[in-house]
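One structure is given here, and the rest of the page talks about it.
The values are calculated or read from the model by the stated rules, or taken from the named source; none is laboratory data. All values derive from a computational prediction rather than experimental measurement. Here the Cβ positions follow ideal geometry from the backbone for every residue, glycine too, while neighbour counts run over all protein chains shown.
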Amino acid sequence: MAINYMNPLFEVVRNYDRCIKCRVCERQCANEVHHYDPDLDKMVADETSCVDCQRCVTLCPTRALKIRKNENEFRENGNWSQQVMDEVYKQAGSGGVLLSAMGNPREYPVYWDKILLNASQVTNPPIDPLREPMETKTFLGKKDQEIHYDENGKAEFKHNPYLELDVPIMFSAMSFGSISKNAHESLARAAQELGTYYNTGEGGLHKDFYKYGPNTICQVASGRFGVFKEYLDTGAAIEIKMGQGAKPGIGGHLPGMKINEEISRTRMIPKGTDAISPAPHHDIYSIEDLRQLVLSLKEATNWEKPVIVKIAAVHNVAAIASGIARSGADIIAIDGYRGGTGAAPTRIRDNVGIPIELALASVDQRLRDEGIRNNISIVVGGSIRSSADVVKAVALGADAVYIATAALLSMGCHLCRSCNTGKCNWGIATQRADLVKRLNPDIAYKRLVNLVHAWDHEIKEMMGGMGINSLESLRGNRLMLRGIGLNQKELDILGIMHAGE
Amino acid sequence: MKKVYVNEDWCLGCHLCEFTCAAANSGAPDMIKAFAGGKKPVARIQIEEGDKINFAVQCRHCEAHPCVKGCIAGALSVQNGVIVCDEEKCVGCYTCVLSCPYGAIVIDETGHKIRKCDLCTRNSHGEPACVKACPNNAIVFEER
Amino acid sequence: MNYVIIGNSAAAVGTIEGIRQIDKTGKITVISDEKYHTYSRPLISYWLMGKVTDKNIYYRSPDFYEKNGVETLLDARVTKIETAAKDVVLSDGKTVPYDKLMVATGSKPFVPPMNGMDKIASCHTFMSYDSVKAIKAEVKPGMKVLIIGAGLIGLKAAEALNEYKADITVVDMADRILPSILDIRAGSIMKKHIESKGTKFILGTSVDEFSEHSAKLKNGATVDFDMVIIAVGVRPNTELVSEAGGKVERGIICDLTQKTTLDDVYAAGDCTVSHDASSDTDRILALLPNAYMQGEVAGRNMAGAETKYENAIPMNAIGFFGLHIITAGSYDGEEYVEENGNNYKKLVFKDGLLKGFILMGDVKRAGIYTSMIKERIDLSNVDMDMLKDRPQMMMFSKARREEKLGGIKR
């Protein structure tokens, strides 16, 4: 028998004075951690497969459970941390690429938390959002450059296709396959009620959701899964996925065991084999090729729908954005390195890409410098965690934000980061029918609506505090931001002053 | 009249409704005390578990109420549409168990009395405790 | 409207409550030959055992008659029904007029003539509150009791007297116990269980001759006793109706609305013949639920409604010395049997339907089987493995469950 080098990551701590042996933890753990021992007449836990998803803790009716980090400690080492050593043990055992899910969890600087907002006091007084009208509506698309008049002198509004959002928050791309049908239904219904949009991701659009078409962004990714004419016609916009913040430079990966009948039909691929999207679009090798795809998609949908191009935030993101702004696309979506994923190689997720705050600031500045900022709207994602992050993003130049991890948290996710195993205990990142049942869209969609409403209200409060009553006045308004604890280089890239200046 | 109705598609078979019901009707102030010392209070709602389907069964407070009509002790009666059992009068003859078409009447831990759902009208909860405990809207308290 | 009810037990109470569903003001008079507020006859053995108090033996609340506007003539016996004059005559000569009459006279214990019965010092039947009060007054620990009849009533009497540590022997002509509800195998399991609690059985014989304190049986054995309880059967009280010209066979004949062949005269309960839907035969179904429901239907019809009592089947829920039995329907058909210690299950199928069942020991949720017999549920939509495993709603189709549990009708 070979030595098992992998210690359990977590300990299940049960307070036996509170435990009533109801066995709900046993029934609700897809990793089979808990079970009732009839000889001992006790609940016992085998923590080797515990992923700290918190399902048992949340459902326990007497709050008898706690999950803690396994207190087993390797000898302290400032260079070789326990985690780094565990990863070496894992690879020595499996010989494989380390796979992870959700966003980069490492201790890199979070720039949102080093940016502060202004408030008005004496001159330019603050506005009370409960008394005055506040506008958080926004439009995404190419801004008209000039006004045309007809032969009678009346102004003509021949406008480019655009998306109208009641709040500057959209749900980012999460494919059907990486997440469950019930999760998609919750996102679609919430988007409909909120007057915003959700994104199909690269898994195609399930037939049952065509009715939410007016609130759907249909993604065309490098694998072109589920892409055909009706799919493009159903959505409100089309998004070409060039890259994703969590794994820039590589394509998507859905393990074969997660591909059942419904996924196979929606993605238009065979059952049971891994669905791997190629790294590049094999018909896009230059910016001219991208332009050709943008125009073909517009042609296919009668020039009625805006086209979004989604890229990952990498080193020369500003130059790429400049190219996209000239390609005919209407909206550019930038995904920072903290963006989430259903499955990605750990090293790529944790080491590739740059923070969205810096990418956004440099893209916005470059487009302004080149005089083409109005060609395109900017949407950013990759760890927008609160309404404050939204306000700072808009102030740095974004037209709207994409949220995904926050949306999943609203639906019950506890960031255990085991999505790639397909045993999500919250019914989100799984296709197992018994687990998917746990996510009731009637409950989940309301929670999503609640979250966005709450953020919208907070945005209005913060804007009101700044003396601004419309999102348009906040967009790109870097004077409303100050940095704290940032060096001069960072301040320059962000284009903001230090607090106190 | 509002009753507890089942949304079969959402039941996870977690049994939280059963434990909450048992505790709510046990007379103990909280769930821990209700089950302390090896006590096993009986729930008036029962989960049926199947391969891919689960659902809860409890008294439908139906208009036919054959249980009330057959009760030999006159312990079962209808109060404001809710079918309740006077547990002091019950002798545990099981005629109601014989009569209920849903199998909703439960025998208590001693075997000498029956227990049945009374929509929490006679305990401190006031509104069905099982519905509040369900994490997934598999049972709801409404008019249909 | 003047309603008169002869009787004061389950059928009578059903009639009162049935009338009051429709007619809140009509006059109701109850005439009973017992002197008590309506009490539950099946509870007399529980009372004797001390499991039911003096207060709780009553079938309804103390203010039941007042709340329902009922006048009671207790300890009064009806001797004659005069259909022409539309009144009933009491033993003291008084007459009570009626517009609608309910005959809910129940039955009386059958006491067969046996040699030397008049010599017995203490001989009781087991049918009324008065009879158990008399027994209680006499009973002493260790007392020897001979019970004639191993049916439902005889064994309930044995169970009650066992609480007083009486030395009990039960004698019956039949070679098995509880023949009316159990088959041979179930009867044998129950017999062993009761014997394990101390009661003795002598079956397949009867009493040849009594003397004051002992009985000589036809098989040669002798049983000594301090008290005899006769529980060999009951006879329905049908004389009032037959003497008034109404149709009577083994019991009073009624149609499905509970009307007798006499105008404006209804009958309900143990004195009537019912139609058994499970065997498609006519027989007396002497069961409290049946009596109540017949009474309720009759009461509603007496007050002007048009209700029918259909789908009556034999059904019993009873326990002896802690072992419970639930049975229903008829046992003629294809059988499925499972046995495990004191747990016995027999399901009887015929013509693609569940016709009857016997459950002993684990009797949980038996009502699901009962409703399948009554409603004649088509078994082609039922999962037979689940049906045989245990009574469960899971065996039915999703559509049926949506309707029954989800309140959704498609």
Listed by first then second residue, the pairs whose first member lies in the range B:43-72 and is within 19 Å of C:F396 (Cα to Cα), whose partner is part of a loop (DSSP other than H, G, I, E, B) and among the basic types (K, R), with beta carbons under 7 Å and at least 6 positions apart or on separate chains, are B:Q58/B:R44; B:C59/B:K116
Counting only residues in the range C:312-324 that are touching a His at 6+ places or on another chain (Cβ under 9 Å) and within 11 Å of chain B (Cβ to nearest Cβ), the one nearest to C:G295 (Cα to Cα) is identified as C:A317
Taking the range B:93-117 and keeping residues part of a loop (DSSP other than H, G, I, E, B) and crowded, with 19+ Cβ neighbours inside 10 Å leaves B:C93, B:Y94, B:C100, B:P101, B:Y102, B:G103, B:A104, B:I105, B:K116, B:C117
When restricted to A:A155, A:A101, A:A119, the only residue modelled with pLDDT under 90 and small (G, A, S) is A:A155
Evaluate the following for A:A406: is it under 25 Å from A:I217 (Cα atoms), in a helix (DSSP H, G or I), at pLDDT 95 or above and within 14 Å of chain B (Cβ to nearest Cβ)?
no
Scanning for something among the small types (G, A, S) and more than 23 Å from A:T421 (Cβ to Cβ), does the range A:160-177 turn up at least one residue?
no
Scanning the range A:289-317 for residues that are over 20 Å from the mean Cα position of the chain (by Cα) and closer than 19 Å to A:L360 by Cα gives A:H315, A:N316
Counted residues in the range B:12-21 being out of contact with any strand residue (DSSP E or B) (no Cβ under 7 Å at 6 or more places or on another chain) and either among the aromatic types (F, W, Y) or more than 9 Å from every other protein chain (Cβ to nearest Cβ) (or both) come to 2
Filter the range A:100-109 for residues that are surrounded by fewer than 16 Cβ atoms within 10 Å (Cβ to Cβ) and touching a residue at least 40 places away in the same chain (Cβ under 8 Å); the one that is nearest to the chain's Cα centre (by Cα) is A:P105
- Message: Against the definition (among the β-branched types (V, I, T), over 30 Å from C:E296 (Cβ atoms) and part of a loop (DSSP other than H, G, I, E, B)), how does C:V223 come out, yes or no?
- Response: no
Is at least one residue of the range C:91-106 farther than 21 Å from C:G269 by Cα and of a type in the set (K, R)? yes
Q.
Among the residues that make up the range A:423-434, is at least one of them on the phi > 0 side of the Ramachandran plot, part of a loop (DSSP other than H, G, I, E, B), within 14 Å of another protein chain (Cβ to nearest Cβ) and surrounded by 21 or more Cβ atoms within 10 Å (Cβ to Cβ)?
A. yes
Over the range B:78-91, the set of residues more than 9 Å from chain C (Cβ to nearest Cβ), among the hydrophobic types (A, V, I, L, M, F, W, C) and part of a loop (DSSP other than H, G, I, E, B) is B:C90
Reported set for the range A:413-460 where residues are touching a helix residue (DSSP H, G or I) at 6+ places or on another chain (Cβ under 6 Å) and basic (K, R) is A:R447
For C:I252, the lone unmet condition from (1) modelled with pLDDT under 95; (2) crowded, with 22+ Cβ neighbours inside 10 Å is (1)
Note on the range B:48-77: residues over 29 Å from C:L43 (Cβ atoms), at the interface with chain C (Cβ under 8 Å from one of its Cβ atoms) and assigned to a loop (DSSP other than H, G, I, E, B) are B:G50, B:I53
Could you tell me whether the range A:163-173 includes any residue that is touching a Ser or Thr at 6+ places or on another chain (Cβ under 7 Å), within 19 Å of A:R447 (Cβ to Cβ), touching a residue at least 60 places away in the same chain (Cβ under 8 Å) and crowded, with 24+ Cβ neighbours inside 10 Å?
yes
Given the conditions (1) of a type in the set (G, A, S); (2) crowded, with 20+ Cβ neighbours inside 10 Å; (3) at pLDDT below 95, every one holds for C:G322 apart from (2)
Point to revise | Residue check for A:D37: closer than 21 Å to A:A344 by Cβ, more than 14 Å from chain B (Cβ to nearest Cβ) and touching a strand residue (DSSP E or B) at 6+ places or on another chain (Cβ under 6 Å) | key: no
When (1) within 14 Å of chain C (Cβ to nearest Cβ); (2) surrounded by fewer than 22 Cβ atoms within 10 Å (Cβ to Cβ); (3) assigned to a loop (DSSP other than H, G, I, E, B) are applied to B:D9, the one that fails is (3)
Subset of the range B:126-144, residues in a loop (DSSP other than H, G, I, E, B) and touching a residue at least 12 places away in the same chain (Cβ under 8 Å), comes to B:E127, B:P128, B:C134, B:P135, B:N136, B:N137, B:A138, B:E143, B:R144
Margin query: Among the residues that make up the range A:49-56, is at least one of them over 30 Å from B:C17 (Cα atoms) and polar (S, T, N, Q)?
Written below: no
Contact list, first residue from the range A:291-319 and without any contact (Cβ under 8 Å) to a residue 60 or more places away in the chain and farther than 16 Å from A:S377 by Cβ, second anywhere and acidic (D, E) and in a helix (DSSP H, G or I), beta-carbon distance below 6 Å, six or more apart or interchain, is none
Within the range C:1-42, restricting to residues that are aromatic (F, W, Y) and closer than 23 Å to C:V89 by Cα, the one that is surrounded by the fewest Cβ atoms within 10 Å (Cβ to Cβ) is C:Y36
- Could you say whether any residue in the range B:25-47 is within 28 Å of C:K374 (Cα to Cα), part of a loop (DSSP other than H, G, I, E, B) and facing chain C (nearest Cβ under 8 Å)? no
Reported set for the range C:270-307 where residues are under 21 Å from C:V13 (Cβ atoms), away from every other protein chain (no Cβ under 14 Å) and either among the basic types (K, R) or in a loop (DSSP other than H, G, I, E, B) (or both) is C:C271, C:I284, C:A303, C:G304, C:A305
A:I354 vs. criteria surrounded by 24 or more Cβ atoms within 10 Å (Cβ to Cβ) and out of contact with any Cys (no Cβ under 7 Å at 6 or more places or on another chain): no
Pairing a residue in the range C:325-350 that is touching a residue at least 24 places away in the same chain (Cβ under 8 Å) with any residue that is assigned to a strand (DSSP E or B) and of a type in the set (G, A, S), where Cβ atoms lie under 7 Å and the two sit 6 or more apart in sequence or on different chains, gives C:I325/C:G319; C:I326/C:A317; C:A328/C:G356; C:G329/C:G356; C:S330/C:G356; C:Y331/C:G356
